[in-house]
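Below: one structure, written as structure tokens.
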Amino acid sequence: MKEDEFTLQELREELELRAVPEKVEEKLKALYAELPDELPVRGGGARSLLKVLGTVTGTAAAAFLLLFGLNTVNPALAESLPGLGNLFRNLNGTKVTGGNIPTYDDAVKPLDVAAEPKAGEQEKLNFTEYYSDGTYLYLSLKLEAPGEEKEIAWYSPEWYTDEKTRMGIDLSQVTVNGKQAETYKKLFLEKNGEGAYEGTWAVRLPERAENGESLTVQASVPELYGTKTARYLDNPPDAVLKPEFKASFTVTADTSHNRISEAETEDNGVKVQKVECTPANIRIGLDIPFWGRESDTLLNTNAIALGYPVLTLEDGTRLSHSFESPDFDWDYDNLKNGGRIQGIWVYEGAPEDSGTAILRIYEKQSDLLFSVGDAELDHRFVFAEFTIDLNTGHAEPSKRYLELGMEKLDTGSYDRTARHAPFTNGYFVHCCEVEEGVEPIDEYTAKGNGVFTQNVILYTENPEYRALELRCYRDGELITSLRSCPEEEYNQTDEYLDGSISYYKGEEGEFYCSPIRDPELTAGIDMTVLSFHVNYAPDTRKDGEWGSILPEDRFDKLTLADPETGEILIEDVWETLQQENLETYGERFS
């Protein structure tokens, strides 16, 4: 996968986050370090300097590299990540069949329609099955492409309306009763082991259909791109077909399994306004208080709003979010800065005879990013819980979370401003880490260059410049230090996709100071970020090809001082960060 601004833009749109939470990033880095050197995008992440500037570029670039590394190590895990599953399912060519639709009796209907190619083309495309719940239409297809059996999959390309952002529309189109249908799941066909390709295509009906209503469908597939690898988003494709398939047929909407409840239910300020259950998906209308943002802790730059709804079956099986659904409508960032957030969450449909589902509103999304199988984290806090009767759609408040040892947070007393640990002499340690620089091997690959920096990111509510010095020790001996400097002494400017950054660069390291560009990263409080990047000596030893510094070569103590008065402001930066984590999350960094 080529790391360029187009792919980064796609990741931003799927991620819908301004940053990856620090705890999650550490887990990603651990997985990322296991990747082989020859893997594309194996190079190191973006500078930590960028990570806390309130920009998208630095945080998303780091997330980009780490998440694509995760996808290589564990694609199933990557495809399950909330907000990212669709991106990685597309990347990996994972077949999406409409979830649990086949578990419902007579829901899937046979369809035997051969699409007509343009004259002289030998490819054959058959529509074999369908299901419509009155809102969506799911189609199963089979492709025969003689002479093209080397490809592992064929998919419908996009027509880009904006080449810079790579935003566009699906080239394959469906109309229903003469009106344009919106693509929900793109046409994707995988090799079936019999020399043909099978897959699915789903669209949202332009108008909701009643039970038994006949729908006239016209489908066109002008081009198909072929790929020999799972990374089918690579450009250009390995092969191109231009069959100009066209097909017309009639289907019937089946809403007999649909269940809708519009009875409003409330728990702890959370309102479930509507529940609609179909074999294809479960759509839940929610109205929740604005409790704050994950970044209110000041320990990460994830500015999404608190309150993350998760739907499970009684046995704990999670029903995945359908973020790609046109019905999904949720303001993660609370861009309106409203006192409440309203919208619709969409989940995959439950298997028939499931009976009930459990909807929990967790405090944070980041707690759930790695909630997969045996790796499930301890979700300590919930705001609300509802048990949903899937046979009626009715929701009722419940307390099953108590059986799992979870604690319910009271909306009335929840205070976002108290979610971060105290400042130490006016400073808060946001980040303290060792980072290795990288050097490019080619356009797609990079490797560590053995040049290390000690990065320390601090927040302060004082906007005035103050002389500071970060002192680095090993075994009680002062090894090196880096002083702050006023902006007029900055001597370096770097250009990035969304702007430029000026900073001081010297033999001892780099320093940057600026107001936080986005106050939503700091609980709405105006703060200044101080970024120290202290260079390790050139002969610093590396612990393995992709490891960090050997423990005996690391600085073992970092102290923040005022060089003009001699006052020690933070005795031990790393220990202070550990204490902040202990007070905020109940645990220290490992």
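The values are calculated or read from the model by the stated rules, or taken from the named source; none is laboratory data. Quick caveat, the model's predicted, so the values are computed rather than measured. With ideal geometry, Cβ positions are generated from the backbone for all residues, glycine too; neighbour counts draw on all protein chains shown. Side chains are part of the model used for accessible areas, which takes the heavy atoms of the whole protein and leaves out ligands, DNA and RNA. Shrake-Rupley method; radii C 1.70, N 1.55, O 1.52, S 1.80 Å.
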**OP:** Quick one: count up the residues across segment 474-515 that are modelled with pLDDT of 90 or more and among the aliphatic types (A, V, I, L, M).
**Re:** 3
Original post:
Any idea how many residues of segment 477-513 are free of Cβ contacts under 8 Å to residues at least 24 places away in the same chain, part of a loop (DSSP other than H, G, I, E, B) and out of contact with any strand residue (DSSP E or B) (no Cβ under 8 Å at 6 or more places or on another chain)?
Top reply: 1
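For (1) among the charged types (D, E, K, R); (2) part of a strand (DSSP E or B); (3) at pLDDT 95 or above; (4) within 18 Å of Asn455 (Cα to Cα), each residue gets a yes or a no:
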position	(1), (2), (3), (4)
Ile525	no, no, no, no
Val529	no, yes, no, yes
Val534	no, yes, yes, yes
Ala537	no, no, no, yes
Thr540	no, no, no, yes
Gly544	no, no, no, no
Leu558	no, yes, yes, yes
Pro563	no, no, yes, no
Leu569	no, yes, yes, yes
Original post:
Just to be sure, is Glu314 modelled with pLDDT of 85 or more, farther than 23 Å from Glu182 by Cβ, among the acidic types (Asp, Glu) and touching a Ser or Thr at 6+ places or on another chain (Cβ under 7 Å)?
Top reply: yes
Original post:
Would it be correct to say that Leu215 is modelled with pLDDT under 90 and at negative phi?
Top reply: no
Original post:
So Ile344 fits all but one of (1) more than 20 Å from the chain's Cα centre (by Cα); (2) aliphatic (A, V, I, L, M); (3) at pLDDT 90 or above; what number is the exception?
Top reply: (1)
Subject >> Unmet criterion (only one of (1) open to solvent by less than 20 Å² (accessible area, probe 1.4 Å); (2) at pLDDT 90 or above) for His379 >> reply: (2)
Original post:
How many residues does segment 505-517 contain that are open to solvent by 30 Å² or more (accessible area, probe 1.4 Å) and over 22 Å from Gly437 (Cα atoms)?
Top reply: 2
Original post:
Which of the following residues is within 37 Å of the chain's Cα centre (by Cα), within 16 Å of Lys557 (Cα to Cα) and surrounded by 13 or more Cβ atoms within 10 Å (Cβ to Cβ): Leu482, Leu468?
Top reply: Leu482
Original post:
Out of segment 324-344, which residues are in a loop (DSSP other than H, G, I, E, B) and open to solvent by less than 10 Å² (accessible area, probe 1.4 Å)?
Top reply: Ser325, Asn334
**OP:** Kindly list the number of the only condition in (1) over 30 Å from Ser172 (Cα atoms); (2) in contact with a His (Cβ under 7 Å, 6 or more places away or on another chain) that fails for Ile304.
**Re:** (2)
Subject >> For Thr255: the one exception among (1) surrounded by 22 or more Cβ atoms within 10 Å (Cβ to Cβ); (2) under 20 Å from Val108 (Cα atoms) >> reply: (1)
Original post:
Quick one: which of Asp572, Asp526 is charged (D, E, K, R) and either crowded, with 18+ Cβ neighbours inside 10 Å or closer than 14 Å to Cys432 by Cβ (or both)?
Top reply: Asp572
**OP:** Report yes if Ser502 is under 35 Å from the mean Cα position of the chain (by Cα), of a type in the set (S, T, N, Q) and open to solvent by less than 30 Å² (accessible area, probe 1.4 Å), otherwise no.
**Re:** no
Subject >> Residue list for segment 345-359, restricted to those being under 19 Å from Glu385 (Cβ atoms) and surrounded by fewer than 21 Cβ atoms within 10 Å (Cβ to Cβ) >> reply: Ser354, Gly355, Thr356, Ile358
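Here's the yes/no breakdown for (1) open to solvent by 10 Å² or more (accessible area, probe 1.4 Å); (2) of a type in the set (S, T, N, Q); (3) more than 27 Å from the chain's Cα centre (by Cα):
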residue: Arg204; (1), (2), (3): yes, no, no
residue: Ser214; (1), (2), (3): yes, yes, yes
residue: Val240; (1), (2), (3): yes, no, yes
residue: Phe249; (1), (2), (3): yes, no, yes
residue: Glu262; (1), (2), (3): yes, no, yes
residue: Asn268; (1), (2), (3): yes, yes, yes
residue: Lys274; (1), (2), (3): yes, no, no
residue: Leu298; (1), (2), (3): no, no, no
